[in-house]
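Just so it is clear, none of the values below were taken in a lab; they were calculated from the coordinates. From a predicted model like this one, the values you see are computed outputs, not experimental measurements. With ideal geometry, Cβ positions are generated from the backbone for all residues, glycine too; neighbour counts draw on all protein chains shown.
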Amino acid sequence: MTMLLDVTDLRKTFPARTGLFGNVIDRVHAVDGISFSIAEGRTLGLVGESGCGKSTVGRAILRLIEPSSGAIRFQGNDITKLPPAELRALRRRMQIVFQDPYSSLNPRKRAGDIVAEPLMVHGIAKAAERREIVAALFAKVGLQPRQMGLFPHQFSGGQRQRISIARALSLGPRFIVADEPVSALDVSVQAQVINLLMDLQAQEGLSYLFISHNLAVVEHVSHDVAVMYLGRIVEHTDKASIFARPLHPYTQALMAAVPVPDPSIRRDKKHVMGDVPSPINRPPGCHFHPRCPLAQPRCRTEEPVLREVQPGHRVACHLV
Ligand code: SF4
């Protein structure tokens, strides 16, 4: 399998509190040393509760925010070391679709101009040709080319997300970060947008980092799944293994919380207690220990390392 993206020991911290003289006295460890790869034409689902750092990972990979450290190799090039001109050229191959199609589209621009904007910024094609490219992109994402002259408010939520996807596709990317791309949509249209993303992957061989808190959606779209907790990956393997037999207590709890459509089916509920702790004051040892139903004394002091417990299955837990 050819790897498109290799992320190694990625870290991102933010200043959390400043002292009287503007000096940083505390930091948020939003992403704390995570590593993963995504092959050509594959989807890695990145899951976890709100605040676990998964969206920061997506933005750091595209250098929309600067990583604090780590390597991000895209098609073999470490993009953390690229000068601005080379990074700009590579950005054509890496795009993002945001969660909220209401705020990510400029309300004063016509839909066709929104999709054409990346082409203009990169100086691709003359006006007439651009129009043809945009019309083809509209058709590709299931919109009518005659809708190019409409404004975002004249579209439904699902259609607006299709415009976002068309814009992301305009420069011919190989990799897309899809950051909660259906969370803001009605359930009835979520499946349509997900199927569109999967069809585009089949047609164009795209790779996705699919960020979501919704395990049912992740199960549908992903080839591999990584579970994040407080800035770290705690479990990472292929979709079939993680959904058939999750090994980390946190993954087990997330799975137990997914609603089952048949009320006669009872799930083995492993409840996690309380909320996600603050990423500023992370619990020592295993960060999950205050919520873990299986925590041992050792878990409070000793940090579990993410290690391969079965071929291709990595888990960070002392008990696994
Ligand atoms: Fe729970 Fe301990 Fe495993 Fe952490 S290391 S998930 S606290 S059992």
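What the table shows:
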read-out	value
Ranked packing of 222-232, 110-120, most packed first, by mean Cβ within 10 Å	222-232, 110-120
FRET E, pair Gln147, Val309, Förster distance 51 Å, beta-carbon r, rounded to 0.05	0.50
Percent of Cα pairs exceeding the 12 Å cut-off, where the set is segment 83-132	72
Angle between the chain longest axis and helix 111-121 axis [Cα atoms, degrees, rounded to 10]	80
Over segment 61-144, volume per residue of the alpha carbon convex hull, in Å³	135
Net charge, Leu87 excluded, C-beta distance under 14 Å - Lys, Arg +1, Asp, Glu -1	+4
Percent antiparallel among DSSP beta bridges (both partners in segment 165-320, rounded to 5)	70
Diffusion constant of segment 104-239 at 25 °C, which comes from Stokes-Einstein with the Kirkwood Cα-pair radius and 0.890 mPa s, µm²/s	154
Gain upon complete extension [Ala202, Glu40; 0.36 nm per residue less C-alpha separation]	57.2 nm
Gain in span if fully extended, Ser156 to His318, counting 0.36 nm per residue against the direct Cα distance	53.5 nm
Estimated dipole of the chain in Debye, rounded to 20 [Cβ of Lys and Arg +1, of Asp and Glu -1, Cα centre]	520
Burial ordering of Thr2, Thr301, Thr43, fewest other beta-carbon atoms within 10 Å first	Thr2, Thr301, Thr43
Computed E for Asn23/Leu64 - FRET, C-beta separation, R0 25 angstrom, nearest 0.05	0.40
Order of Lys12, Lys109 under a 10 Å beta carbon neighbour criterion, fewest first	Lys109, Lys12
Among beta bridges that DSSP assigns inside the chain, antiparallel share in %, nearest 5	60
Per-residue Cβ neighbour rank within 10 angstrom, fewest leading, Met198, Met1, Met148	Met1, Met198, Met148
Length-normalised contact order of the chain in % [C-alpha pairs under 8 Å, at least 6 apart]	20
Mean separation of Cα contacts under 8 Å, 6 or more apart, over the residue count of segment 113-251: relative contact order %	17
Cα radius of gyration and Dmax for the chain (Å)	20.8, 68
Relative contact order of segment 159-223, defined on C-alpha pairs under 8 angstrom at six or more residues apart (%)	40
Stokes-Einstein D (µm²/s) once Rh is taken as the Kirkwood radius of segment 1-76 over alpha-carbon pairs, at 20 °C in 1.002 mPa s	157
Computed helical MRE - 222 nm, the chain, DSSP H runs ≥ 4 contributing -39500 (n - 2.57), nearest 500	-8500 deg cm²/dmol
Neighbourhood net charge (13 Å Cβ-Cβ; Lys/Arg +1, Asp/Glu -1) for Ser241	-2
